[in-house]
Amino acid sequence: MRKYKTGYCKIIFLPLFLLFAGIKGYAQNPSCSAASQFYSKDSVNVTTFGASTVAGVGGFSFQGYLQQDIEVCYPGKVVTVTTNGVAGETTTQGLSRYPAAIAGRTGFVLILMGADDALALTKKQMKISETEANMKYYIETALKNNLIPIIGTVQFFNDQNNQSFKTTNLYVRQINTIYKNLAAQYKVYIADINQALGRDFSLYQDYVHPNDAGYRLIAYVWFDAINKAIEDKLLLIGLNQNYPNPASNFTTIGFSLSEAGKVQINLYSMTGKLVKNIFNAYQNAGYQQVNVSLAGLIPGIYIYTMRVGGQQLSKKLIVIK
């Protein structure tokens, strides 16, 4: 038996983007998290804060796509996505309007700023330490307001015919390194927009702003980061149907915990006889998966149960040859 679990990974970049990068025809619907059915809230509230990429450029933006993605995977939940972007702002210039942008909000705050810092750094108009101090403020203020901050890395500038932008991109790399270090320090989340877009400038409409396909991809990056935060922090106790089902050699069972606790998963025959102890250990809150060997089991219908915190949940498992 091997156990898989979603560890506290802060840099969010799933293989999905390897499929989408550079492709102009994106899928209409996202891949939904297996844990989405255990989300503990009745709404998903997202505040987006930043500069021009957040504000939207050329009639394009990511917020509408992001809202659609959330609504597809969290049906029945009230979804709100607000836009708080001002083109041309550095992280310093955004400080004064940040408190009002998050006032009274719950849920997530997505912060995407730093491209204009990179330009200012290139022109020697600010210092990199200022960018770091500003992002600390954004993170700390979000946490004080009981929000879950997700920091977006800054995309590259198209430096193919611009020597100055080559220098700017050196600062982009430094800024993104700082953001990732701060995410690890504060135990918050990174949406790695820079890695997703890479240097595929066919996803741009100008020297730095995404086109419609680029914004679609950015929405996926944010969406996966939000899913990861939900899996870590906002799940009910739940037990997933194993997959595949029916199964022959191996199957996978997923479960979620709202808080840390001891988890026992056992497999029983239809007559109630214990057939197999699948899992018995303490686990942290979040979504986990267990890969289960079915070797030696007679084909038929079985029941697997999960006991945790005084609760018991059960599902049927079908074994075939």
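Rule-based calculations on the coordinates, nothing more; no lab input. Keep in mind that what you see is a predicted model, and the values were worked out from it rather than measured. Heads up, the Cβs are rebuilt from the backbone with ideal geometry, glycines too, and the neighbour counts pull from every protein chain shown.
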### region 61-83-region 167-220 distance, computed between alpha-carbon centres (Å)
21
#### Entry: Between 0 and 90°, nearest 10: helix 128-144 axis offset from the chain longest Cα axis
40
### Message
In whole Hz and in residue order, list the ³J(HN,Hα) couplings for region 189-205 that follow from phi through the Karplus curve 6.51 cos²θ - 1.76 cosθ + 1.60, θ = phi - 60°; x for Gly and Pro.
### Response
10, 10, 9, 7, 4, 4, 5, 5, 6, x, 10, 8, 6, 5, 8, 10, 9
#### Entry: Selected from Gly254, Met270, Leu317, residue furthest toward positive end of dipole (region 227-321; charges at beta carbon)
Met270
### Summary
Listed by chain and number, the residues whose amide H is under 5 Å from that of Ile278, excluding neighbours fewer than 5 places away on the same chain and using placed H, are Ile265, Asn266, Leu267
### Task
Would you mind computing Rg(Cα) / (2.2 N^0.38 Å) for region 238-319, counting N as its residues?
1.04
### Query
How far, in nm, would the chain grow between Gln125 and Ile298 when pulled straight, counting 0.36 nm per residue and subtracting the alpha carbon separation?
55.1 nm
### Query
Using r as the Cβ-Cβ distance of Tyr243 and Ser202, and R0 as 30 Å, what FRET efficiency do you calculate, to the nearest 0.05?
0.25
### Query
What is the antiparallel percent of DSSP beta bridges lying wholly in the chain, to the nearest 5?
65
### Query
Around Ile237, which amide H atoms from residues at least 5 apart in sequence, or from another chain, sit under 5 Å from its own amide H, with H modelled in the peptide plane?
Ser258
### Summary
Magnitude of the Cβ-charge dipole (Lys and Arg +1, Asp and Glu -1) of the chain about the Cα centre, nearest 20 debye, reported as 1200
### Query
With each run of n ≥ 4 DSSP H residues scored as -39500 (n - 2.57), what mean residue ellipticity at 222 nm is computed for the chain after dividing by its residue count and rounding to the nearest 500 deg cm²/dmol?
-9500 deg cm²/dmol
### Query
For Asn284 and Ala133, what is the calculated FRET efficiency with R₀ set at 25 Å and r taken between the beta-carbons, to the nearest 0.05?
0.20
### Task
Relative to the longest principal axis of the C-alpha atoms of the chain, give the angle of the C-alpha long axis of helix 63-73, reported between 0 and 90° and rounded to the nearest 10°.
0
#### Entry: Linear extension gain, Asn162 paired with Leu236, 0.36 nm per residue minus alpha-carbon span
21.5 nm
### Query
Say the cut-off is 19 Å between C-alpha atoms; which of Lys41/Lys180; Lys228/Lys262; Lys123/Lys180; Lys144/Lys228; Lys41/Lys77 go over it?
Lys41/Lys180; Lys228/Lys262; Lys123/Lys180; Lys144/Lys228
### Query
region 97-116 to region 268-321: how many Å between their Cα centroids?
43
### Query
By per-residue mean of other Cβ atoms within 10 Å, what is the highest-first order of 137-144, 211-218?
211-218, 137-144
